[in-house]
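The next block holds one structure in the form of structure tokens; read it before the comments.
The values are calculated or read from the model by the stated rules, or taken from the named source; none is laboratory data. A quick note: this is a predicted structure, and the numbers were derived from the prediction, not measured. Quick reminder, even Gly has a Cβ in these numbers, built from the backbone with ideal geometry, and neighbours come from all protein chains shown.
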Amino acid sequence: MMQTLDAAPVATAPHTAYFSLRQPVAFRGEGFQPTPDEPLAYRYYDKNRLVLGKRMEDQLRFATCYWHSFGWGGTDPFGEPSFQRPWHGAGDPMAQALRKADAAFDLFRLIDSPFFTFHDRDVAPEGATLRESNEHLRRIEAVFERKMDETGVRLLWGTANLFSNRRYMAGAATNPDPDVFAYAAAQVKNVLEMTHRLKGHNYVLWGGREGYETLLNTDLKRELAQLGRFLNLVVEHKHRIGFTGQILIEPKPAEPTKHQYDYDVGTVYGFLKAHGLENEVKVNLEQNHALLAGHTFEHEIALAGALGILGSLDMNRGDEMLGWDTDQFPNNLPQVAMTMYEVLKAGGIGQGGLNFDAKLRRQSIDPDDLVWAHATAMDLCARALLVAEKMLQDGALQRHVQARYQGWDTERGRAILQGERSLEALAREVEADAIEPQPRSAQQERLEHLANSYF
Ligand code: XUL
Ligand code: CO
């Protein structure tokens, strides 16, 4: 398969050159039986099926990411690249980038991915100067424009890689050197504008190296002020150019730095408030980042929903045994169902989507592994969405929660929340009415059993 693409002219590789699948993965329903001609089909991802009044495709808004699937070569801290894709390694870097784009859009087409996401440095080679890098990017943008037109694939979000190059080793916006801040600003301006021209629905700022290794060399107060300034510059520019996408921050507590400033949803919200940005910036949440911060994914989604800053999801998972960001494809139905349940309760994913910020294990070296990983993850999320729909429509869980809080709908509860009771007034009421609260069971085990009945 690799030879086929190697031999093919760069920009016109035939559609099935790189992957062995002939036809895009189709919806065949739960009874699907694999055959040699059709080894893989969607059993649940029926994109036109209505789920709570919306097409499944519009509820889920799947995106395939460029960096893990096409940029990353399968390295680990001990091992060299294991994938050896035809566009990795030697060759004219721009020809390699074009070849990579062919394979990427081939995958999008084969799995019927409605969206994709990219970093600037993954899609085009870095030049000797920023001007040169931007020119490279501009050439790829033209290719993307054409391919997006041909395939109907849309851009969920773009982002600038402010972490790979050594100039960013001490951070981008939070760097002790303002020249690095300026360079990062210039890079973000370029990618934000590119995202705008490609009609991206969001622009993501992943903290990358916005954090520190030791306080011995760090002025934390200054760095936070720099980060706030940077984010304000991005928001100002968004409005200046008329970009209607959401600006998103991706919380993560650690890795690559020991401490990352965008620790979790609560921290990011406080930061946005402090810089007057709580109505301008939302969050892009990721399961393993939540776990690393000591939260469940559902917690982060529910909190973001409650604060009105739920933007989008990076849909991968971590490993329960490992304390680092493994970026695996989701494959746990109850986990993903609870995720979708919280998303639906928060009002849906809106302008965001479910981006597979997930990478193959480095022994999954066949190009077809990319097809299987994405398609099966999409099908699992679709199945989870149907479970969540059932949970909502049945309503038993929500009825329980309502009943648990119903006291707050009584006269006393409402008056307290509306600020009509001082501490003094409450003390008087409790003494006068001889109020003695009656503890009630929270029934956790019963509810866990109920939740299991939907999976
Ligand atoms: C880093 C991470 C990134 C962002 C995009 O942990 O999740 O892949 O999603 O830069
Ligand atoms: Co991510």
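Among residues of segment 156-167 being surrounded by fewer than 23 Cβ atoms within 10 Å (Cβ to Cβ) and closer than 22 Å to residue 357 by Cα, the one that is nearest to the chain's Cα centre (by Cα) is 161.
It is to be established whether one or more residues within segment 109-118 are part of a helix (DSSP H, G or I), in the same structural domain as residue 161 (by TED's automatic domain parsing) and over 24 Å from residue 368 (Cα atoms). No: zero hits. If you check 324, 372 for being within 14 Å of ligand 1 (Cβ to nearest atom), out of contact with any Lys or Arg (no Cβ under 7 Å at 6 or more places or on another chain) and under 30 Å from residue 79 (Cα atoms), only one passes: 324. Would you pick out the residues in segment 436-452 that are surrounded by 11 or more Cβ atoms within 10 Å (Cβ to Cβ) and either out of contact with any His (no Cβ under 9 Å at 6 or more places or on another chain) or outside any helix (DSSP H, G or I) (or both)? Result: 443, 451. Output the number of the condition that residue 218 fails; it satisfies all remaining conditions of (1) under 23 Å from the mean Cα position of the chain (by Cα); (2) more than 16 Å from ligand 1 (Cβ to nearest atom); (3) not hydrophobic (A, V, I, L, M, F, W, C). For residue 218, the exception is condition (1). Restricting attention to segment 350-397 and to residues that are more than 17 Å from the chain's Cα centre (by Cα) and of a type in the set (S, T, N, Q), the residue that is farthest from residue 289 (Cα to Cα) turns out to be 393. Looking across 117, 151, 129, one residue alone is within 30 Å of residue 56 (Cβ to Cβ), of a type in the set (S, T, N, Q) and surrounded by fewer than 23 Cβ atoms within 10 Å (Cβ to Cβ). It is 151.
Picking from residues in segment 6-19 that are surrounded by 13 or more Cβ atoms within 10 Å (Cβ to Cβ) and within 14 Å of residue 107 (Cα to Cα), the one that is modelled with the highest pLDDT is 19.
Residue by residue, here is whether (1) over 23 Å from residue 378 (Cα atoms); (2) in contact with an Asp or Glu (Cβ under 9 Å, 6 or more places away or on another chain); (3) buried (at least 22 other Cβ atoms within 10 Å of the Cβ) holds:
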position	(1), (2), (3)
250	no, yes, yes
278	yes, no, no
281	yes, no, yes
288	no, yes, yes
293	yes, yes, no
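When you look at residue 213, is it over 28 Å from residue 350 (Cα atoms), surrounded by fewer than 18 Cβ atoms within 10 Å (Cβ to Cβ) and not hydroxyl-bearing (Ser, Thr, Tyr), yes or no? Yes.
Taken together, the residues in segment 307-352 that are surrounded by 17 or more Cβ atoms within 10 Å (Cβ to Cβ), within 16 Å of ligand 2 (Cβ to nearest atom), closer than 27 Å to residue 271 by Cα and not acidic (Asp, Glu) amount to 11.
Report whether or not residue 373 is in the same structural domain as residue 112 (by TED's automatic domain parsing), out of contact with any helix residue (DSSP H, G or I) (no Cβ under 8 Å at 6 or more places or on another chain), touching a residue at least 60 places away in the same chain (Cβ under 8 Å) and assigned to a helix (DSSP H, G or I). No: the conditions fail for residue 373.
Exactly one residue among 175, 134 is in a loop (DSSP other than H, G, I, E, B) and either assigned by TED's automatic domain parsing to the domain that holds residue 227 or crowded, with 22+ Cβ neighbours inside 10 Å (or both), and that residue is 175.
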